[in-house]
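Since the structure comes first, as C-alpha cells, the remarks are kept for the end.
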Amino acid sequence: MDFSLSEDQSMFVASCERLVRERCAFEPRRAVAVSAADVAPPLWREFAGLGLTALAVPEEAGGLGRPLIDGVLVAQSLGRGWLLEPFVDCALAAASALAGLPASAARDAALGTMAAGASIVVPLIEARVAAGTVRGTAPHAGYADAVLFANGSRLCLLSLQDAERRAWRQFDGTAAAEIACSLEGEVVLAEGAAAAAAWAAARDAARLGRIAEGVGLARTVLDLTAEYLRTRRQFGQPIGRFQALAHRMADLAIRHEQAQSLAWAAAMKLDAADGARALDAAQVMLHRALRAIGQEAIQLHGGIGMTDELSISHYVKRLLAIEIELGDVDTALARFAAAA
Amino acid sequence: MDLNFTADELAFAAEVRAFVRQALPAEIRDAVLAGEHTPAQYISRWQKILHGRGWGAPTWPREWGGPGWDPVRQHLFDEECMLAGAPRQLPFGLRMVGPVLMKFGTPEQQHRFLPRIPSAEDWWCQGYSEPGAGSDLAALSTRAVRKGDRYLVNGQKTWTTLGQHADWIFCLVRTDTEAKKQEGISFLLIDMKSKGVTVRPIVLLDGAREVNEVFLDDVEVPVENLVGAENQGWTIAKYLLEHERTGIANVGINKRELARARRLARECTRNGRPLAEDPLYAARLAEVEIELMALDVLNLRVLAAARDRGSPGPMASMLKIKGSEIYQRVSELILEARGRDALPCHADAQARSGWAQDGAAAFYLNLRKVTIYGGSNEIQRNIIAKHVLDL
C-alpha cells in the first residue's frame, strides 16, 4: 500500500500545476468561458505539448499508455484551475474507449491524431439515431472533430466535418453543442460485446475524470475560502477565529478528503469485481462534498460570494455543473445499495 | 500509488484471521458479535490469549516485547480481530501509559511496569479529566505536594473508564500553583490500593457502569512514581494524546457493526417485507457504507503517512470525527432495525455481564459517548481549523 506518487505521476502533476498557475488565473479563464462556444479553447495545444492528450493513448498508437489513475491525478490538478478544455471527455473518455479496442486503421488513426492534440473526439452519450442521422448533445461538441457514439450494438466514430451544430455555453461557462450529423461517414469500430465494453470504458473514464476534476476545483474553493476567513476581519478579528465558522470549514475539509479518497480508490479498483460499486460510491461522496463546499463557500464569504466579480461564484457554478453532468446521484446511490 | 496491500501484508492478515478464529473463545465472540458489553474478565482473558501468542502489545516495538509491526500491520491486526468478534484491547496501558513510559520513564519504571501491561497483570486507568477540567484539561486542580520522598495528593478525577477494575492510575496533578497553568503539571503513577483512593461508579444513561469518579484524599505517592521531570506533565500529556489518536478511526469495529446492521435488516421486517428491501432504509445504509469506505481509505492514507513520516499528524482528528460519527449512525440503523424490540430492558443480560443492560437502545445510547471522549469532536474541529486550515 503506497499513496506516494510515482516519478511520472509527480511530473505530470507538477506540469499541470504550473500550467494552472501560469495560464489559468481567474480573469483569463473567465474570458474563455464567455468566448464563442464553437472555437476550441486556447490551451488545448499546450495540453498536447505536455503530453496530456497522449496520456491514455496506448504506446503502440503513439501515446503514453498511462493507467487511469494518472489521468485522474491530472484531471484533479487541471480541475484546480477551472478546466474548460475537453481533457476529461476526449483525452480520458474517448481515448479509453478506443484504447481498449483491437488495432485497426480507423482506431489507430483516431488515437494518433488525438494523442498529438490534432483532433478532438468526444463521446455523444445520449445519441439518437434516426433516418440516417445521429443527433445529440455533448460538452465540447461545438468544436469537436468527431464523436464516438453507440448505434444499436455498434460503437461508431463519426467525423463532424459536415455536421449541423448549435453551440452554446452551459451556466458554468463550459462549451457544449447540439449536433445533427449524417451517418454517411460513419466508421464502425466495434460490435457486440467489444463495443459494449469500449462504451462502458468511455463512460467510466468520463465519470471518474469528472469526479477528479470536481475534487481538484473543490480544493481551490476551499483554499480561497480559508484564505478569506484568515483575512476578512469583523468584530476586531479575522472571522476564521469564530468557532461557528471554523468548525464548518473543518467539516468541509473532511468531506473533501473523503471525496478525494474515494476518487482515488475508484480509479484503482475500476477493473476489480467491485469496481462499478466503488465508482458509484465515489460519485455519491463527491456529490455530498460538492454541495456542501459550494453552498458553504458562498455563505462563508457572505455577500461578496454572491457576486459575479469574484472567482468563487464561477467556481461554485462549475462544481454544480459537474454534479449535474455526472448524472442523478439517487440513481448511483440506489445502484450501490442494490449491489450490496 | 497503489492502494492494494502487498502479498506479505495479505499473508499477515490471513495469519491473524486464522489465529483469532481458532483462539477466540466462542462465548466471548458471541457476546461481542451480539453487541453486548464485554465483561472485564472477557477483556483480560483475550488479552492473555494474545499475550501467549506474542501479540499482546500490537503497537509496541520489539524492544519492549511488542511484535514491532508498522502502522499498516497494526491496522490489519485490529481489523481482523474486530471483524472476528474479539473484544477491544484496553488502551490505557497499551496505547497510553506504555508509550509514555517508553519515552519518559526511568529504566526502573520501564522494567517495573511495562512487562505487566501486555500480560494483563496490571490493569491501568486514566486520571486526566476532573469535574472542572474537561476539554480544558490544563485547568486541572488535583494537587500534589512533595513531602520528603513522597507526594501528598488531594483532588478528584472523573470519567475514569473501568477504574473499578484498575490496579494503577496514571494521573495529571498540579505540582506548581504559581506557574502558567500548563507549566505546573506533573505525571504521577498511583497504586489504586493506596490509602485515600476511593472509586465511586457513575451509572450512565444506558445502565452501564464503565466510568467512575476517583477521589484522592491525602494519598501518599512515592516520588519514584513521578514520570519525567516535575512540571513536565503537560508535554507528556500531549504526547500521550497523540498516541491515543492512532487507531482512532475504528474502521474494524465500524465494519463489524455495519455488517450487524445489514444482518438485522435482512432478518427484521417492515410492512411485511424484509427491512433490507425498504428503499429508504437501504439508501441510508448505503450512505453509511459509503462514508465508511471513505474513512477506510482516508485511514490508510494517514497510516501510510505515519509509517513513512513517523506521525499521523492533525489528519488524525478527521479520523476521530468520522469514525465516531459513523459508529453512531450505525447504532441508529441497528436501533431502527430492531423497532419496538428495542424497548424492553434486559435485566438478565445486565446480571450476566455485571455491566450493562443489553439491546439496541443501550447500544445507541452508550455510543453517544464516542463523539465526546478522546478529545470531543468539537476539540478535533478546533485542531483541524488551526493545524490543517491555518485559521
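Cβ-Cβ contacts under 6 Å between residues 6 or more apart (or on different chains), taken from a first residue in the range B:32-53 that is of a type in the set (A, V, I, L, M) to a second residue that is at pLDDT 95 or above, are listed as B:32/B:85; B:32/B:87; B:33/B:85; B:40/B:165; B:43/B:87; B:49/B:23; B:50/B:56. Of the numbered conditions (1) hydroxyl-bearing (Ser, Thr, Tyr); (2) surrounded by fewer than 23 Cβ atoms within 10 Å (Cβ to Cβ); (3) more than 18 Å from residue A:315 (Cα to Cα), residue A:35 fails exactly one; give the number of that condition. Here residue A:35 clears every test but (3). Quick check, is residue B:239 among the aromatic types (Phe, Trp, Tyr), within 14 Å of chain A (Cβ to nearest Cβ) and part of a helix (DSSP H, G or I)? Taking the combined requirement at face value, the residue does not satisfy it.
Only helices (runs of 4 or more DSSP H) wholly contained in the range B:42-157 count here; list those with 1 or more residues that are touching a Gly at 6+ places or on another chain (Cβ under 9 Å) and at pLDDT below 95. Full working, then the answer.
Working: elements: B:71-84, B:98-104, B:107-113.
Filter on the range B:42-157 gives B:71-84.
With respect to (1) farther than 22 Å from residue A:68 by Cα; (2) within 14 Å of chain B (Cβ to nearest Cβ); (3) not in a helix (DSSP H, G or I), the lone exception for residue A:271 is condition (1).
One line per residue, one yes/no per condition, for (1) within 21 Å of residue A:116 (Cα to Cα); (2) away from every other protein chain (no Cβ under 14 Å):
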residue: A:8; (1), (2): yes, no
residue: A:13; (1), (2): yes, no
residue: A:19; (1), (2): yes, yes
residue: A:22; (1), (2): no, yes
residue: A:28; (1), (2): no, yes
residue: A:34; (1), (2): no, yes
residue: A:39; (1), (2): yes, yes
residue: A:45; (1), (2): yes, yes
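Just to be sure, is residue B:12 within 14 Å of chain A (Cβ to nearest Cβ), aromatic (Phe, Trp, Tyr) and assigned to a loop (DSSP other than H, G, I, E, B)? For residue B:12, the condition - within 14 Å of chain A (Cβ to nearest Cβ), aromatic (Phe, Trp, Tyr) and assigned to a loop (DSSP other than H, G, I, E, B) - is not met.
Count of the range B:25-43 residues, restricted to those that are of a type in the set (Gly, Ala, Ser) and crowded, with 17+ Cβ neighbours inside 10 Å, is 3. Scanning the range B:298-319 for any residue that is farther than 26 Å from residue A:252 by Cα, more than 9 Å from chain A (Cβ to nearest Cβ) and modelled with pLDDT of 90 or more turns up nothing. Within this structure, residue A:300 passes the test of being more than 10 Å from chain B (Cβ to nearest Cβ), in contact with a Ser or Thr (Cβ under 6 Å, 6 or more places away or on another chain) and in contact (Cβ under 8 Å) with a residue 60 or more places away in the chain. Restricting the range B:371-385 to residues that are free of Cβ contacts under 8 Å to residues at least 60 places away in the same chain and buried (at least 16 other Cβ atoms within 10 Å of the Cβ) leaves a set whose member that is nearest to the other protein chains (Cβ to nearest Cβ) is B:385. Answer yes or no: is there a residue in the range A:190-203 that is under 28 Å from residue A:85 (Cβ atoms), among the aromatic types (Phe, Trp, Tyr) and either in contact with a Cys (Cβ under 9 Å, 6 or more places away or on another chain) or more than 13 Å from every other protein chain (Cβ to nearest Cβ) (or both). Yes, because at least one residue in the range A:190-203 is under 28 Å from residue A:85 (Cβ atoms), among the aromatic types (Phe, Trp, Tyr) and either in contact with a Cys (Cβ under 9 Å, 6 or more places away or on another chain) or more than 13 Å from every other protein chain (Cβ to nearest Cβ) (or both).
The listed residues are B:16, B:97, B:20, and the only one of them that is outside the structural domain of residue B:297 (by TED's automatic domain parsing) and touching a strand residue (DSSP E or B) at 6+ places or on another chain (Cβ under 6 Å) turns out to be B:97. Note on the range B:165-205: enclosed strands (runs of 3 or more DSSP E) holding 1 or more residues that are hydrophobic (A, V, I, L, M, F, W, C) and over 22 Å from residue B:233 (Cα atoms) are B:197-202. Among the residues of the range A:278-297, those that are facing chain B (nearest Cβ under 9 Å) and either among the hydroxyl-bearing types (Ser, Thr, Tyr) or touching a residue at least 24 places away in the same chain (Cβ under 8 Å) (or both) comprise A:280, A:281, A:282, A:284, A:285, A:288. For the range B:197-213, the set of residues classified as modelled with pLDDT of 95 or more, more than 11 Å from residue B:161 (Cβ to Cβ), in contact with a helix residue (DSSP H, G or I) (Cβ under 7 Å, 6 or more places away or on another chain) and buried (at least 16 other Cβ atoms within 10 Å of the Cβ) consists of B:199 only.
The values are calculated or read from the model by the stated rules, or taken from the named source; none is laboratory data. All values reported here derive from a predicted model rather than from experimental measurement. Virtual Cβ from ideal backbone geometry, glycine too; neighbours counted across all protein chains shown.
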